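Just so you know, all these numbers are worked out from the coordinates, no wet-lab data involved. Every value quoted in this text rests on a predicted model; they were computed, and no experiment measured them. Counting neighbours? That spans all protein chains shown, and the Cβs are built from the backbone with ideal geometry, glycine included.
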Amino acid sequence: MINIYSRTQGSGILLLLIYVNDILLIGSSSSQIDKFIAHLSVIFHMKDLDDIHYFLGLQIACDESTVTHTRYLLSLLQKFGLDGTKLVSTPRASGPFMSVVDGAPLVNPFLYHRLIGSL
């Protein structure tokens, strides 16, 4: 379970995410972040690991302010034996929708449930 704490001050916001022994501090103002880190460092022994690259399996690109699931999705494909499949831009037909009676039943529906549950 991840714990999330927030602090608003004026128009700025700080978010502190704690998962086991990992802490992620994000905010709208770098000066607020620096002050908060300095405050925490007085109370706790901390180590600043600089820019984040991965958190909870998500790849984070700090320069673009983006979070990607690429690494996690690739591990899912490998886990379910789909890592050798061909990529397509649209995973389903763009025409008429399928109905309940279309196609053959899945051989192992539990595998499908596990994959969808992992997303």
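Kindly write out, for segment 104-116 in residue order, the coupling ³J(HN,Hα) from the Karplus curve 6.51 cos²θ - 1.76 cosθ + 1.60 (θ = phi - 60°), rounded to whole Hz, with x marking Gly and Pro.
Each residue's phi maps through the Karplus curve to give 9, x, 5, 5, 10, x, 5, 4, 4, 4, 5, 5, 5 Hz.
Taking the Cβ-Cβ separation of Thr8 and Arg71 as r and a Förster radius of 30 Å, what is the calculated FRET efficiency to the nearest 0.05?
Calculated transfer efficiency: 0.40.
Return the sequence-ordered ³J(HN,Hα) values of segment 49-57 in whole Hz as given by the Karplus equation 6.51 cos²θ - 1.76 cosθ + 1.60 applied to θ = phi - 60°, using x for Gly and Pro.
Using θ = phi - 60°, the values come out as 9, 6, 5, 7, 10, 9, 8, 6, x Hz.
Put a dot 7 Å past each Cα toward the Cβ at Leu58 and Val42; how far apart are the dots in nm?
Between Val42 and Leu58, the simple spin-label model gives 3.2 nm.
Can you list residues from other chains, or at least 5 along the same chain, whose modelled amide H is less than 5 Å from the amide H of Ser29?
When sequence neighbours closer than 5 places are left aside, the close amide H contacts are Ile13.
D for segment 12-54, whole µm²/s, Stokes-Einstein with Kirkwood Rh over alpha-carbon pairs at 25 °C and 0.890 mPa s: what number?
The estimated diffusion coefficient comes to 221 µm²/s.
Suppose the chain between Ser89 and Asp102 were pulled fully straight at 0.36 nm per residue; how much longer would it get relative to their current alpha carbon spacing?
2.4 nm
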